[in-house]
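Okay, so here's the structure we're looking at.
Throughout, read-outs are computed from the coordinates displayed, never taken from laboratory work. These numbers were taken from a predicted model, which means no experiment stands behind them. Here the Cβ positions follow ideal geometry from the backbone for every residue, glycine too, while neighbour counts run over all protein chains shown.
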Amino acid sequence: MSKYLLNKFLFTVDRDPDLVERYREDPRGMVEWWEAEHANRLLSCHGGEASTWLRFEDAEREALAGHDYPKLFELGAHPFLTLTLFIAMFERDHEPLGFQTEYARRLAHMSMPYPDIAT
Amino acid sequence: MAELVAVIASTHHPFYYRASTATGEDRPPFADEWVRKVEAFRETLTKARPDVLVMVGSDHFHQLWLDNMPQFLVGKAPFYDANWYNEEREFGLPRMLFTGQEDLSAYILREGLDAGFDLAFSNELRIDHSITCPIITLRPQNDLPIVPIYTNIFAPPLPRPKRFVQLGRTIRELVESWPADKRVAVIGTGHLSLELGGPRQFGPHGPDPEFDRKAVEWISSGDIEGCLSEVTLDSLHLPGNATHGFMDFMLMMGVAGEGAKADHVDTYDLFHTMEAYFTWYPNGGVA
């Protein structure tokens, strides 16, 4: 489990307008690039001080590459991060609030207690 | 000594700015009533004639992140830029700039540490909508210096509810012992029941109207003990997966005091979440 790394992906992409568009247009290529180049980057440090041990598990990489936000929820990614990024990518394709309600509908099979989001 | 002239607890609905400024076909049907309620709420702060605002909120993974996560953090800076790209993108919030009341920040940090709270601090803090929303609703002219205080209601492990109440009590003590001839208002924002990124999000009401009813009763009557007897970190998952933001309301109940009845109470049942507005005048009225 690398919930922290899932969240790090969502966090770093959501705050960068160019990465948001790259993730929308080419999710698999972008996730592979990000994992290779940025997963180990210690934020606010130069590349020479990167971490050495962070990588996605296969299910996590597939969920990100497939834009599979219900799966990200099941994996314990932070729901606020997932929601915010996916709104940024896909709200534009729907009526007002249409994407948000579809998002809820696609998670309707989830019941309490929800997956643990502690990292 | 400084005087605590108002204690204000509010939700921080990020869509208020867009709804209240929209015109014509873009203006949602609930906007006019929402504006009316917010303007009445604003008047409760205006009447208190504050010089300084202590602003309690919670960073939504903007500057505070999982590689270095504080539980309680006090901003200590001469200025604070505000609102983030993803808040402009999603909510249409404007860029803002605040002046800091740096001497009060220093006082709260020093005295807060000595009072048993290991407060983190930031000398360069870009604040987010948990603090800018109440400025937009309560003080849109943005003419007063602030002390921002952030709490972690977002990234577990979280402090327990009782700790929020205790910090609220301590903030009050520190404001009232601050050796300055200033009128201070403490404003904090949180949530009632709320779901974000889960199956109960963006419904026609908040996800748990019964929780909301009880929460409004606890807050408006100052029933800290009753609230603490029912609210735990575990129980807050039930009304909605983002309901831990209610602990910022509990912090504000700590500022207001046990048994303190709010002087102004208003709510507005919107889609997605219930708005709730509370004002206390600690000295029995507006001088």
- State the three equivalent ellipsoid semi-axes of segment B:145-189, derived from the C-alpha gyration tensor as the square roots of 5 times its eigenvalues, in descending order and whole Å. 24, 12, 7
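Charges at C-beta only: +1 for Lys and Arg, -1 for Asp and Glu. How large is the resulting dipole of the protein assembly as shown about its Cα centre, in Debye rounded to 20?
Numbers: 37 positive and 61 negative charges, 101 e Å.
For the protein assembly as shown, the charge dipole is close to 480 debye.
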- Hey, can you grab everything whose amide H is under 5 Å from the amide H of B:R200? Only 5+ residues off in sequence or another chain; H modelled, so Pro and N-termini drop out. none
- For segment A:47-115, just run the numbers: alpha carbon Rg, then divide by 2.2 N^0.38 Å, N being how many residues it has. 1.32
- Message: If each DSSP helix of 4+ residues adds -39,500 (n - 2.57) and the sum is divided by the residues in chain A, what number results at 222 nm, nearest 500 deg cm²/dmol?
- Response: -16500 deg cm²/dmol
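Quick check: from the Cα gyration tensor, does chain A come out rounded (a/c under 1.5), prolate or oblate? Before the final figure, lay out each step's value.
Values: a/c = 2.11, a/b = 1.41, b/c = 1.50.
Oblate is the answer for chain A, as a/c is 1.5 or above yet b/c matches or exceeds a/b.
Using alpha-carbon pairs under 8 Å, 6+ residues apart, how would you state the relative contact order of chain A in percent?
Working: 105 pairs, mean separation 36.7, N = 119.
Computed value for chain A: 31 percent relative contact order.
Shape verdict for segment B:62-164, please, from the Cα gyration tensor: rounded (a/c under 1.5), prolate (a/b greater than b/c) or oblate. Walk me through the intermediate numbers first.
Values: a/c = 1.94, a/b = 1.28, b/c = 1.52.
Oblate, because a/c is 1.5 or more while a/b does not exceed b/c.
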- Query: Taking chain B as a Gaussian network, where each spring joins two C-alpha atoms under 10 Å apart, which residue of B:L251, B:L228, B:L66 fluctuates the most?
  - Reply: B:L66
- What share of all Cα pairs of the protein assembly as shown, in percent, falls into each consecutive 20 Å distance bin? 27, 59, 14, 0
- Before anything else, pin down the relative contact order of chain B: Cα pairs under 8 Å, at least 6 apart, normalised by residue count, whole percent. 30
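Using the 10 angstrom Cβ neighbour count as an exposure proxy, how do A:K3, B:K47, B:K261 rank, fewest first?
Values: A:K3 19, B:K47 16, B:K261 12.
Ascending number of Cβ neighbours within 10 Å: B:K261, B:K47, A:K3.
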- Item | Shielding by partners - mean other protein chain Cβ count within 10 Å, residues of B:190-199 | 6
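Restricting to chain B, what percent of DSSP beta bridges are antiparallel, rounded to 5? Write out the running numbers ahead of the final one.
Values: 17 of 40 bridges.
Given both bridge residues lie in chain B, the antiparallel proportion sits at roughly 45 percent.
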- Compare the peptides B:265-275, A:40-50 by average per-residue count of other Cβ atoms within 10 angstrom and give them in order, highest first. B:265-275, A:40-50
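Taking only DSSP H segments of four or more residues, each worth -39500 (n - 2.57), what value at 222 nm results for chain B once the sum is divided by all its residues, to the nearest 500 deg cm²/dmol? List each step's numbers first, then the result.
On the way: 9 runs with 100 residues, N = 287.
Mean residue ellipticity at 222 nm (helix-derived): -10500 deg cm²/dmol.
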- Message: Please rank B:S235, B:S221, B:S193, fewest neighbouring Cβ atoms within 10 Å first, as an exposure proxy.
- Response: B:S235, B:S221, B:S193
- Task: Quick one: P(r) of chain B from all Cα-Cα pairs, 10 Å bins, percents rounded to integers, in order of increasing distance.
- Result: 7, 31, 40, 20, 2, 0
- Entries in B:K162/B:K214; B:K37/B:K162; B:K76/B:K182 that, when Cα-Cα distance is taken, lie over 28 Å: B:K37/B:K162
- Message: Under the rule a/c < 1.5 gives rounded, and otherwise a/b versus b/c splits prolate from oblate, where does segment B:48-91 land using the Cα gyration tensor?
- Response: oblate
- Message: Over chain B, with a Gaussian network built from C-alpha contacts below 10 Å, which listed residue (B:D118, B:D234, B:D223) shows the highest mean-square fluctuation?
- Response: B:D234
